[in-house]
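Here's the structure we're looking at; comments come further down.
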Amino acid sequence: MSRTEPVPPAVADQRRDARDGAFALTKQLLATTAPRFTGRHGVEVHSLVSSDHVPLYLFAAKSLARFWPEVTPVVHDDGTLTARDAARLRRHAPDARIIGRAEADRRVGELLGDFPVLAAVRRNNVRILQLVDYFLLSEAPMVVSMDSDVVFLARPAKLIEWAATPPADRPAFLYSPEFGWEPQGVHWITDHLPGTPYVPYMCCGFAAVDTAAFFDPAFLERTLAALPREVSFAPRYVTQMSYSLLGGRLGEKGTLDLGEPYRSGRLEWLPLIEDRVICHYFASHERSTTFDNLAGEGPLLSRALGLAPGTAG
């Protein structure tokens, strides 16, 4: 029989503190008032949500409501949401529109009838729902793609101004910059699509889009069909690549880097600035569970909810 090594007291204390902090933070999350959204700005904020990330999404939604309640949140089930998850979402984000996976598969399958490669990629890669489903199933002319591990820290004045600008006078694709390391997905473009314009340093985890000008399934069909199968059907980064290519075809006037206040990355990786609007803290980077993120991002998540420092344990 193998012996279990005793846990050093300092490590045991760390684990207990992390557990207690995560528990206290979750209690605070569930005790905060359910956010209300008006939809007055004609913008939908779409997020693909898994069962494990429901608590993280609630931080995202409640922080969004603090700073931009004039939008409509839309939740896309990645196929793992349970009836209990859906009930929790409806209770804590009652104005969110929830699109179940079976409904999405049926509706999007019909809409992609003329695009067999894109349809096949979607059947095999859940992440592509963050592109295809967001725009095919939107009910508003403007869509913000927001990962469930994004929180708002201030009112997004640049996006509000964009939403109020006539379509002919505004860029169709505004994106969170990602730099300091090489973004994945775009690395395939120079290798396999030389000369094709693209947006190099962007993160598709947070972007704002004029759907009519940006989303083009015929372009995606041609592009994915031209790529080697190991790229088109890769399990990760195809969505990032596709956003980059769709943005690239708009030219410089059709795209806008949202700048440092919207830059993706964990807070400790980024410069300390007073006007940061969002934080995309990369929940899946070297973390495996929501608990890991609640334990690791407690101060950020408390701030996103407007809690006083230390109130989450």
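The values are calculated or read from the model by the stated rules, or taken from the named source; none is laboratory data. This one's a predicted model, so the numbers in the text were calculated from it and none came from an experiment. Positions of Cβ are backbone-derived with ideal geometry, glycine not excepted, and every protein chain shown enters the neighbour counts. For the accessible areas, the whole protein counts, side chains as well, though only heavy atoms, and no ligand, DNA or RNA atoms are used. Shrake-Rupley method; radii C 1.70, N 1.55, O 1.52, S 1.80 Å.
Got a number for residues in region 176-208 being open to solvent by 30 Å² or more (accessible area, probe 1.4 Å) and in contact with an Asp or Glu (Cβ under 7 Å, 6 or more places away or on another chain)?
Selection size over region 176-208: 1.
When you go through 113, 109, 100 one by one, which is the residue that is at pLDDT 95 or above and under 19 Å from the mean Cα position of the chain (by Cα)?
The match here is 100.
Residue 229: among the basic types (Lys, Arg), open to solvent by less than 50 Å² (accessible area, probe 1.4 Å) and out of contact with any strand residue (DSSP E or B) (no Cβ under 6 Å at 6 or more places or on another chain), yes or no?
So residue 229 does not fit the description; no.
From the list 113, 109, pick out the single residue that is without any contact (Cβ under 8 Å) to a residue 12 or more places away in the chain and not in a helix (DSSP H, G or I).
Answer to the check: 113.
Taking residue 272, is it touching a strand residue (DSSP E or B) at 6+ places or on another chain (Cβ under 6 Å), at pLDDT 90 or above and open to solvent by 50 Å² or more (accessible area, probe 1.4 Å)?
Answer is no for this residue.
State whether one or more residues within region 125-132 are without any contact (Cβ under 8 Å) to a residue 12 or more places away in the chain and either part of a helix (DSSP H, G or I) or crowded, with 19+ Cβ neighbours inside 10 Å (or both).
no
Yes/no matrix, rows are residues, columns are (1) within 17 Å of the chain's Cα centre (by Cα); (2) small (Gly, Ala, Ser); (3) part of a loop (DSSP other than H, G, I, E, B):
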| position | (1), (2), (3) |
| --- | --- |
| 264 | yes, yes, yes |
| 268 | no, no, no |
| 271 | no, no, yes |
| 279 | yes, no, no |
| 285 | yes, no, yes |
| 292 | no, no, no |
| 301 | yes, no, no |
| 304 | yes, yes, no |
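Could you grab me the full set of residues in region 141-186 that are modelled with pLDDT of 95 or more, of a type in the set (Phe, Trp, Tyr) and not in a helix (DSSP H, G or I)?
Listed by number, the residues that qualify are 152, 173, 175.
So, in region 24-49, of the ones that are in a loop (DSSP other than H, G, I, E, B) and of a type outside the set (Ser, Thr, Tyr), which residue ends up most open to solvent (accessible area, probe 1.4 Å)?
40
Select from region 216-226 the residues that are surrounded by 18 or more Cβ atoms within 10 Å (Cβ to Cβ) and either of a type outside the set (Val, Ile, Thr) or not in a helix (DSSP H, G or I) (or both) and list them in ascending order.
Within region 216-226, 220, 221, 224 qualify.
If you go through region 63-100, how many residues are assigned to a helix (DSSP H, G or I), out of contact with any Leu (no Cβ under 6 Å at 6 or more places or on another chain) and open to solvent by less than 50 Å² (accessible area, probe 1.4 Å)?
So the answer is 8.
Do you know which of the residues in region 189-215 that are part of a strand (DSSP E or B) and not acidic (Asp, Glu) is nearest to residue 242 (Cα to Cα)?
Looking at residues that are part of a strand (DSSP E or B) and not acidic (Asp, Glu), I get 204.
Residue-wise test of (1) modelled with pLDDT of 95 or more; (2) in contact with a Phe, Trp or Tyr (Cβ under 9 Å, 6 or more places away or on another chain); (3) of a type outside the set (Lys, Arg).
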{"residue": "40", "(1), (2), (3)": "yes, no, no"}
{"residue": "43", "(1), (2), (3)": "yes, yes, yes"}
{"residue": "47", "(1), (2), (3)": "yes, yes, yes"}
{"residue": "51", "(1), (2), (3)": "yes, no, yes"}
{"residue": "57", "(1), (2), (3)": "yes, no, yes"}
{"residue": "66", "(1), (2), (3)": "yes, yes, no"}
{"residue": "69", "(1), (2), (3)": "yes, yes, yes"}
{"residue": "72", "(1), (2), (3)": "yes, yes, yes"}
{"residue": "79", "(1), (2), (3)": "yes, no, yes"}
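Given (1) over 20 Å from residue 157 (Cα atoms); (2) open to solvent by 60 Å² or more (accessible area, probe 1.4 Å), identify the lone condition not met by residue 294.
Answer for residue 294: the failing condition is (2).
Which pairs have Cβ atoms under 6 Å, sit 6 or more apart or on different chains, and link a residue in region 243-258 that is within 16 Å of residue 135 (Cα to Cα) to one that is open to solvent by 60 Å² or more (accessible area, probe 1.4 Å)?
244/198; 245/198
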